[in-house]
Amino acid sequence: MKQIPIKLGPLTLLLTVISICLTVLAILSFTTARADLRLAEKYADTVRSRYALEKQGQAFRQELSETDPADYGLSGWERDKDGVYHTVLTRDDLSLSIGFCLNEKGKTDILQWQHTKDWAEDESIGQLWDGGF
């Protein structure tokens with residue numbers, strides 16, 4: 001009986017290409033997972049700060065509702081042209097702006113409850129095209 005020689009050249013090449021592809025996919029998966037983890041941790045910190053700020057705002061609101069406006073000393077507060085008092089609570093780089101006024105019954109009404117985040121332009125990326133000619 002004659003033995004047919006097995007040629008391993010094409011098979012070796014195919015297995016090498018498959019190994020390289022699987023290695024590249026594994027590296028991409030790991031890198032993407034790490035980036036997702038960093039983004040999730042950053043989002044969790046932002047949410048934690050935002051809820052802590054919301055808790056401070058709710059405590060301020062409760063203090064407003066439980067205190068008689070005459071006893072609260074609103075005379076020292078700044079009012080805008082519409083008669084609205086403003087206060088700003090801050091935590092980390094987040095702030096909560098609260099606007100309130102007194103109604104006819106002598107109670108406070110919340111007119112503004114706005115979360116904002118301080119933002120600074122990242123200038124480390126160099127000169128980008130500003131869209132002008």
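The values are calculated or read from the model by the stated rules, or taken from the named source; none is laboratory data. Computed from a predicted model, the values in this text were never measured in an experiment. We place every Cβ from the backbone using ideal geometry, glycine too, and count neighbours over all the protein chains shown. Ligands, DNA and RNA are excluded from the accessible area calculation, which covers all protein heavy atoms including side chains. Shrake-Rupley method; radii C 1.70, N 1.55, O 1.52, S 1.80 Å.
See the values below:
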item: Residue that is surrounded by the fewest Cβ atoms within 10 Å (Cβ to Cβ), among those in the range 90-115 that are part of a strand (DSSP E or B) and touching a Pro at 6+ places or on another chain (Cβ under 9 Å); result: LEU102
item: Qualifying positions in the range 66-104 - more than 30 Å from TRP119 (Cβ to Cβ) and either modelled with pLDDT of 75 or more or of a type in the set (Val, Ile, Thr) (or both); result: GLU66, THR67, GLY83, LEU102, ASN103, GLU104
item: Positions within the range 91-129 being under 22 Å from GLN62 (Cβ atoms) and touching a Lys or Arg at 6+ places or on another chain (Cβ under 9 Å), in sequence order; result: ARG91, LEU94, SER95, LEU96, ILE98, PHE100, CYS101, THR108, ILE110, TRP113, HIS115
item: Total residues in the range 1-49, condition under 15 Å from the mean Cα position of the chain (by Cα), more than 27 Å from THR116 (Cβ to Cβ) and small (Gly, Ala, Ser); result: 0
item: Residue match in the range 5-19 (condition: surrounded by 10 or more Cβ atoms within 10 Å (Cβ to Cβ) and at pLDDT below 90); result: yes
item: Any hit, the range 116-124, residues being part of a loop (DSSP other than H, G, I, E, B) and touching a helix residue (DSSP H, G or I) at 6+ places or on another chain (Cβ under 9 Å); result: no
item: Unique match (being surrounded by 10 or more Cβ atoms within 10 Å (Cβ to Cβ), farther than 26 Å from LEU96 by Cβ and of a type in the set (Ser, Thr, Tyr)) among THR46, THR31, THR67; result: THR31
item: Verdict on THR87 being open to solvent by less than 50 Å² (accessible area, probe 1.4 Å), β-branched (Val, Ile, Thr) and free of Cβ contacts under 8 Å to residues at least 40 places away in the same chain; result: yes
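For (1) in contact with a Ser or Thr (Cβ under 9 Å, 6 or more places away or on another chain); (2) touching a residue at least 40 places away in the same chain (Cβ under 8 Å), each residue gets a yes or a no:
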site	(1), (2)
VAL24	no, no
ILE27	no, no
TYR51	no, no
GLU54	no, yes
LEU64	yes, yes
ARG79	no, no
ILE98	yes, yes
GLN112	yes, no
THR116	yes, no
